[in-house]
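Colleague: One structure follows; several queries about it will come next.
The values are calculated or read from the model by the stated rules, or taken from the named source; none is laboratory data. If you're wondering where the values come from, they're calculated on a predicted model, not measured in any experiment. Glycine gets a Cβ as well: all are built from the backbone with ideal geometry, and neighbour counts include every protein chain shown. For the accessible areas, the whole protein counts, side chains as well, though only heavy atoms, and no ligand, DNA or RNA atoms are used. Shrake-Rupley method; radii C 1.70, N 1.55, O 1.52, S 1.80 Å.
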Amino acid sequence: MGRAKAITSIILIQFILLHVTKSQQGFEESSAARTLKQESHDTHEVHCSRERSRAAWQIIDDYLMPFVEEEGYQISTDCRLHPDNDLFRDQERHKIHVDVNEWRCGYCKKSFRAERFLDQHFDNRHYNLLNVNQSKCLADLCGALHCDFVINSNLLKAKCNPAAAARNRHLCESLANSCFPISQGPSARRLHELFLRQFCDAHTCSGKAKPFPGGGKKQTNLLYMATSILLMMLLPLFYLLYYLYQRDMKRETQVLRRVSQVGRKAKPS
């Protein structure tokens, strides 16, 4: 009888504990859901592609700015290619690429495993640093700047759309006219012509012209770097071997001289 009461008490206690645990889990799930909903509510949506804006700026920096700097020309802020007209420019400047798998936020110093996580962090935590009051989406210029060609060069082999090529050429020529007015002097005139050759002439379905025929920023050749490092590592070894060789040659010469002197002394008179 006493054993039956004990077993009944144990079962009752387990039932009560199970009920309390489920209640706690339900409360935690509800709390987590509220937190997730709050984060989603706080997330701000920007109708401008960060990836394509980054590609557009990379093209400007690689294939236009070297020539602008060479001419000593100052691009006006009215030009849509000016850095101040990039919605994400300030955030991009605050990216610190520490290592292959480490990116750091320049605002709050938090670290992330990949650049895309840092982008999400910027969208969620530093949205207030974007100038969203004005239309400054650099990605809108991707058609003129050949972003798709840079992001995926296989697209160049795709079937050409004459209407799209005409629209992109018109946008490209309007950028040349507004950023480098030929009335501004010889430098602006040269840059205007270069911009047409570098970007606008390729907007055709003939397939004859390619983007960026004038080249761009000199990229460091990885093979050249590897060869230079290897030579720097092998040079001390070469000098060491040369030193050992010279030392052995001197020793052999000294031995031969001694043998020769002994031979002369041993000859009968």
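Colleague: Can you tell me which residues in the range 168-216 are open to solvent by 70 Å² or more (accessible area, probe 1.4 Å), farther than 23 Å from ASP140 by Cα and either assigned to a helix (DSSP H, G or I) or in contact with a Phe, Trp or Tyr (Cβ under 9 Å, 6 or more places away or on another chain) (or both)?
Modeller: Passing the criteria: ILE182, SER183, GLN184, PRO186, ARG189, ARG190.
Colleague: Could you list, ordered by first residue, the pairs with Cβ atoms under 8 Å in which the first is in the range 66-82 and closer than 10 Å to CYS179 by Cβ and the second is open to solvent by 40 Å² or more (accessible area, probe 1.4 Å), at least 6 apart or interchain?
Modeller: That search, which allows pairs on different chains as well, returns ASP78/SER178; CYS79/SER178; ARG80/SER178; HIS82/SER76.
Condition check ((1) at pLDDT 95 or above; (2) closer than 19 Å to PHE199 by Cβ) across all residues:
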{"residue": "ALA6", "(1), (2)": "no, no"}
{"residue": "ILE10", "(1), (2)": "no, no"}
{"residue": "HIS19", "(1), (2)": "no, no"}
{"residue": "GLN25", "(1), (2)": "no, no"}
{"residue": "ARG34", "(1), (2)": "no, no"}
{"residue": "TYR73", "(1), (2)": "yes, yes"}
{"residue": "CYS105", "(1), (2)": "yes, no"}
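Colleague: Within the range 108-124, take every residue that is outside any strand (DSSP E or B) and over 16 Å from ARG50 (Cβ atoms) and give me the one that is most open to solvent (accessible area, probe 1.4 Å). So that I can check it myself, show each step before the final result.
Modeller: Going residue by residue through the range 108-124, those that are outside any strand (DSSP E or B) are 108-110, 113-124.
Retained after the next criterion (residues that are over 16 Å from ARG50 (Cβ atoms)): 108-110, 113.
Values: CYS108: 54, LYS109: 122, LYS110: 109, ARG113: 172 Å².
Among them, the one singled out is ARG113.
Colleague: If you scan the range 130-149, which residues turn out to be at pLDDT 90 or above and outside any loop (DSSP other than H, G, I, E, B)?
Modeller: LEU138, ALA139, ASP140, LEU141, CYS142, GLY143, ALA144, LEU145, CYS147, ASP148
Colleague: Here's another thing I want to ask about it. For the range 125-148, name all the residues that are farther than 30 Å from ARG197 by Cβ and open to solvent by less than 80 Å² (accessible area, probe 1.4 Å). Please lay out each step first, then the result.
Modeller: Going residue by residue through the range 125-148, those that are farther than 30 Å from ARG197 by Cβ are 125-134.
Within the range 125-148, HIS126, TYR127, LEU129, LEU130, ASN131, VAL132 qualify.
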